[in-house]
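Participant: Before anything else, here's the structure in question.
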Amino acid sequence: MHAQVYILAVFCLAAGVFPGNLPPFIHPCSKSDPNLNQCVEKAIQVAGPLFADGIPELGIAPLDPMKLGTVDVENPALNLVFTDTVVTGLKDFRVNSYKINTETGKAVFDFTANVTLSAKYNMDGRVLILDIRGNGQADIIITNLNIVIKYDYETKDGHWVVPKYKDNYKMDKAQFRFTNLFGGKNKELAATTLAFINESWEIIMQDISPPSIKNIIKRCVEEAKKLFAAVPAAELMLP
Ligand SMILES: *[C@@H]1O[C@H](CO)[C@@H](O)[C@H](O)[C@H]1NC(C)=O
Ligand SMILES: *[C@@H]1O[C@H](CO)[C@@H](O)[C@H](O)[C@H]1NC(C)=O
């Protein structure tokens with residue numbers, strides 16, 4: 001046995017997985033299934049919550065909670081930095097549709113989740129007509145965040161790779177909680193400002209959401225890529 005193969009074998013035994021082994025909660029569909037899309041929809045709906053817990057043996061990080069770290073909202077009018085950002089709720093996602101074309105290697109995954117971003121915030125600047133500043137704890141509660149990921153895939157050395165993807169998203173609503181606005185000194189102004197922010201969620205999210213939600217989507221794609229790298233395509237999709 002080559003030393004490298006031996007080391008890999010020992011590593012895999014220690015980690016409790018064998019190369020090529022499919023996580024038990026993934027029920028692969030068959031390429032020749034006339035209802036392939038529906039089969040994959042169901043498979044993702046079933047496997048998703050467990051996948052979102054992460055698979056340490058395969059180096060797949062949890063998607064719920066998802067640690068996003070620092071998110072910098074770069075806006076000329078508003079300095080806003082979120083730190084220790086944690087996203088929860090993805091695990092309870094609902095698959096709206098999944099479409100795959102095995103001939104062209106294109107797929108579209110459309111899902112919805114109620115998601116909360118929690119972070120420490122530091123903010124100084126202007127939101128619409130209001131001067132706003134503070135630092136404390138922030139929660140952004142998003143109702144029905146709908147994410148659509150269109151990706152290309154090809155098979156390289158027996159594994160799916162995703163050379164590119166495009167995403168877009170929309171939401172039904174976002175609401176905010178910011179503690180310690182204005183240093184906690186002017187409670188009335190803080191309350192008025194918070195009410196205003198909740199009401200103007202749509203405009204505010206146009207500024208705040210791209211860096212955070214793009215990051216969330218990127219992380220989902222990265223963890224899926226790790227799964228594709230660890231499990232052969234032929235096991236993820238049967239002939
Ligand atoms: C999100 O929450 C709303 C109610 O707050 C509910 O109607 C909706 O079904 C939830 N969406 C998902 C994807 O669970
Ligand atoms: C804004 O929305 C959040 C979440 O629903 C709620 O907790 C908070 O009380 C609202 N703030 C105001 C001032 O309405």
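Participant: How many residues are among the acidic types (Asp, Glu) and within 16 Å of ligand 2 (Cβ to nearest atom) when one looks only at the range 125-155? Spell out the reasoning first.
Facilitator: To start, the set of residues in the range 125-155 that are among the acidic types (Asp, Glu) comprises 131, 139, 152, 154.
Within this subset, residues satisfying the condition of being within 16 Å of ligand 2 (Cβ to nearest atom) are 139.
Total satisfying the criteria: 1.
Participant: Looking only at strands (runs of 3 or more DSSP E) that lie completely in the range 78-158, which have at least 1 residues being of a type outside the set (A, V, I, L, M, F, W, C), crowded, with 18+ Cβ neighbours inside 10 Å and within 16 Å of ligand 1 (Cβ to nearest atom)? Write out each step before concluding.
Facilitator: Numbers: elements: 78-88, 94-101, 106-127, 130-156.
Ranges flagged: 94-101, 106-127.
Participant: Scan the range 204-233 for residues that are charged (D, E, K, R), closer than 23 Å to THR155 by Cβ and in contact (Cβ under 8 Å) with a residue 60 or more places away in the chain and jot them down.
Facilitator: Passing the criteria: GLU223, LYS225, LYS226.
Participant: Go through (1) closer than 26 Å to ILE60 by Cα; (2) in a helix (DSSP H, G or I) for LYS166 and report which single condition fails.
Facilitator: Answer for LYS166: the failing condition is (2).
Participant: Same structure again: Any chance the range 167-174 includes a residue that's under 24 Å from PHE51 (Cα atoms), within 16 Å of ligand 1 (Cβ to nearest atom) and without any contact (Cβ under 8 Å) to a residue 40 or more places away in the chain? Lay out the reasoning, then the answer.
Facilitator: From the range 167-174, those under 24 Å from PHE51 (Cα atoms) are 167-171; that's our starting set.
Add one more test, that the residue is within 16 Å of ligand 1 (Cβ to nearest atom), and what stays is 169-171.
Next, only the ones that are without any contact (Cβ under 8 Å) to a residue 40 or more places away in the chain stay: 170-171.
Scanning the range 167-174 turns up at least one residue that is under 24 Å from PHE51 (Cα atoms), within 16 Å of ligand 1 (Cβ to nearest atom) and without any contact (Cβ under 8 Å) to a residue 40 or more places away in the chain.
Participant: Can you work out which of the residues in the range 39-74 that are part of a helix (DSSP H, G or I) and among the β-branched types (Val, Ile, Thr) is nearest to THR102 (Cα to Cα)? Spell out the reasoning first.
Facilitator: Of the range 39-74, the ones part of a helix (DSSP H, G or I) are 39-51, 56-58.
Now drop any that are not among the β-branched types (Val, Ile, Thr), which leaves 40, 44, 46.
Working: VAL40: 12, ILE44: 17, VAL46: 22 Å.
Taking the candidates together, the pick is VAL40.
Rule-based calculations on the coordinates, nothing more; no lab input. Bear in mind the structure is a predicted one, so any value in this text is a computation, not a measurement. Every residue, glycine among them, receives a Cβ derived from its backbone with ideal geometry; neighbour counts consider all protein chains shown.
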